[in-house]
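Comments concern the structure below.
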Amino acid sequence: MPLPFSDGHGVCFDPAGRTISVVSASGKVAMFELDGGAIAKERSLRRAALAWIDAAQSASPGQSVETALAAASDLGPELRAAIAERAPSRDSPEWLWHLIEVRLGENEATWAERAESCLPLGRRAAELQPEVIPYRARLALLLAVAGHFQEAASQVEADTAPSAVLRRAMLPSDYLTLALSSIGRGDRSSAASHQQAALEMLVRWPTPDEQHDLADRALQLLELRGLPRPARKEADREVGTDASKQPGPR
């Protein structure tokens, strides 16, 4: 499960075995409700908070989240705390990408039809802070999801080329961008190669952060487009599960 912090210190089940609590060395706590072992409460709470922020600010564009929260008496304390924690400035790249995440929704099957309307937000975020790697990487993936295969691949290549002004290393999402672009062009061989490169990188990624979340959903989208994930090799399983080889919690 992806944690909202990197210094996981302790973990326990509740007596009924339905909830896991994880505490960080600095005292932060994350709680996860188990539903078939797959659904994390933290992720649901985060999406609920973002959806509430989007709805509140869409209804009254000039109203701050704090003002809207003060007027909302029917919100539970846990959701209220999540909203207060996650409400960014509406003019920031962070907010724009939160908004994109909410508008794309949970169903990868509908991503393509929604991605096109999110592209202006993604382009704006990349323009506001071009030096921040994740914004350009996410934009490239969004372009591939929306069907702009050549532009998506060109952006990844331009950002990672030796001659790039703000050159960066390849990320798992970059390989998945290239995989989606290859699938869109009918090149399954290249798509499978890029998919494998993303999987190998994710296994060795220090901590399960938003790259994992973004990559996992892109992998599901690839499956919907006819490219299932290959079975993991035994060596990969060992790297992914041996805590002594990982600098952070898995």
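Any read-out appearing in this document is the output of simple, stated calculations on the displayed coordinates, not a laboratory observation. These numbers were taken from a predicted model, which means no experiment stands behind them. Here Cβ is always computed from backbone atoms with ideal geometry, including for glycine, and neighbour counts include all displayed protein chains.
Quick notes on this one:
- Computed FRET value (nearest 0.05) for T160 with V29, which takes r as the C-beta separation and R₀ as 25 Å: 0.05
- Spin-label pair A81/A231, simplified geometry with 7 Å Cα→Cβ offset, distance in nm: 4.5
- Residues whose amide H lies under 5 Å from that of H9, counting only those 5 or more places away or on a different chain, are V23, S24, A25; hydrogens are built 1.01 Å from N in the peptide plane.
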